[in-house]
Amino acid sequence: MNHTKLLLLFSSVLLLILSACQNKSAESDSFYSIEDFQSVEKIDAHVHLNIANPVVIEQGIEDNMKLITLNVANGRTPVAEQQRVALELKNDYPDRLAYTSAFSLEGFNDSETWQQNTMDYLEQSFENGAIGVKVWKNIGMELQDEDGNFVMVDDPQFDPIFEYLSQNNIPLFGHIGEPRNCWLPLEEMTVANDRDYFENNPKYHMYQHPEYPSYEEIVAARDNMLDKNPDLAFFGAHLGSMEWSIEMMSEHLDKYPHMILGMAHRIPHLQYLAQKDREALRNFFIKYQDRFLYSTDLHLYDSSNPEEVRQLAADTWKKDWEFFVTDNTLEVWQVEGSFQGLKLPKEVVDKIYRENARDRIPGLGL
């Protein structure tokens, strides 16, 4: 081989190496990798820390994950006790934890007294630093009026509270209803975690309770409440109970500009959707990148093993990160079969994991 051909060959190889390096650099500029997990600041916008044990917060420090713990009137721990714990943890970790308040439904049918007591409690919570209010599925699925009718979230008795939140730019975190699987027989449910939950909690398995409100009635009541409060910042927990349909979520995000969707305990549903049509789901996240909050629904109760919850947090956060930032072929126990990660652009990941919470929640402090 003469000198000229050798020089040409060397130049071609060099160009290939430079091109590969440029492509790799462009890739790293546009997308995160698994290795970026700990270096990126993140927020888990939906956990329940109901005991004053900091293990989940400490795991969050290790994994660069800040937390929002949600008080909830689910009958498990009194709301006032949840707030006490949240404030104790927040005082110890002021830049790592924020919390939402909630209100008890005890005495609901004594309307004037209940409304005044509720407003007094919430106002005190906001003075203490609460950044929002959580309502739970017992509205629409448990609470009944004096005549035995189910009370829905658009009931007029809630109007003064939601009007107050809207006027003061305080978000309402709403777990209204359940996944649509709740109204299906166990064998027709799309993800294993729903089958496990409703098999072990039959009182909430609406397929067995046709006398209870339907999925459509609960969603319609939620939408009617939003129609009455068009400026209310509504954070639809658990994908707003619309986890089964990209089209339904899109329609609601278009109709309600102040609706944000948290994905707590519904990421397996997203993975199921990715299995069915990954590109549709990926395009959906890119289009509505300003309207989602990363969240898990991790909980630490008095009956929990703290170290097991800490390990669950570490495992969950890392596995979810892989789903959102890579195109790896993945498997989880909740979904039958494999699916491909979404590999969302960095700017989309940053919004979902951090910036949307900061932009949408006044006084978040995280």
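Tabulated results
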{"item": "Filter result for the condition that a residue is closer than 25 Å to Gly132 by Cα, basic (Lys, Arg) and free of Cβ contacts under 8 Å to residues at least 60 places away in the same chain, over Lys287, Lys255, Lys276", "result": "Lys255"}
{"item": "Within the range 279-326, considering residues that are assigned to a loop (DSSP other than H, G, I, E, B) and acidic (Asp, Glu), the one modelled with the lowest pLDDT", "result": "Asp302"}
{"item": "Matching residues, the range 142-188, being of a type in the set (A, V, I, L, M), more than 16 Å from Phe235 (Cα to Cα) and assigned to a loop (DSSP other than H, G, I, E, B)", "result": "Leu143, Val151, Met152, Leu184"}
{"item": "One residue from Gln289, Gln275, Gln340, Gln271 being within 22 Å of Gly236 (Cβ to Cβ) and surrounded by fewer than 20 Cβ atoms within 10 Å (Cβ to Cβ)", "result": "Gln289"}
{"item": "Residue within the range 299-312 that is in contact with a helix residue (DSSP H, G or I) (Cβ under 8 Å, 6 or more places away or on another chain) and within 14 Å of Ile267 (Cβ to Cβ) present", "result": "no"}
{"item": "Flag if Phe173 is closer than 26 Å to Tyr256 by Cβ and in contact (Cβ under 8 Å) with a residue 12 or more places away in the chain", "result": "yes"}
{"item": "Test: Val335 is of a type in the set (A, V, I, L, M) and either assigned to a loop (DSSP other than H, G, I, E, B) or without any contact (Cβ under 8 Å) to a residue 12 or more places away in the chain (or both)", "result": "yes"}
{"item": "Out of Ala102, Ala98, sole residue that is at pLDDT 95 or above, over 30 Å from Tyr215 (Cα atoms) and buried (at least 22 other Cβ atoms within 10 Å of the Cβ)", "result": "Ala98"}
{"item": "Selection count, the range 144-166, where residues are without any contact (Cβ under 8 Å) to a residue 60 or more places away in the chain and over 13 Å from Trp114 (Cβ atoms)", "result": "5"}
{"item": "Failed criterion for Gly75 (all others in (1) touching a residue at least 60 places away in the same chain (Cβ under 8 Å); (2) crowded, with 22+ Cβ neighbours inside 10 Å; (3) out of contact with any Leu (no Cβ under 8 Å at 6 or more places or on another chain) hold)", "result": "(2)"}
{"item": "The range 215-240 - residue that is closer than 19 Å to Arg358 by Cα and part of a loop (DSSP other than H, G, I, E, B) and, of those, farthest from the chain's Cα centre (by Cα)", "result": "Asp231"}
{"item": "Yes/no for Trp321 being surrounded by 16 or more Cβ atoms within 10 Å (Cβ to Cβ), in contact with an Asp or Glu (Cβ under 6 Å, 6 or more places away or on another chain) and among the hydrophobic types (A, V, I, L, M, F, W, C)", "result": "no"}
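The values are calculated or read from the model by the stated rules, or taken from the named source; none is laboratory data. Values in this document were obtained by computation on a predicted structure and should not be read as measured data. Glycine gets a Cβ as well: all are built from the backbone with ideal geometry, and neighbour counts include every protein chain shown.
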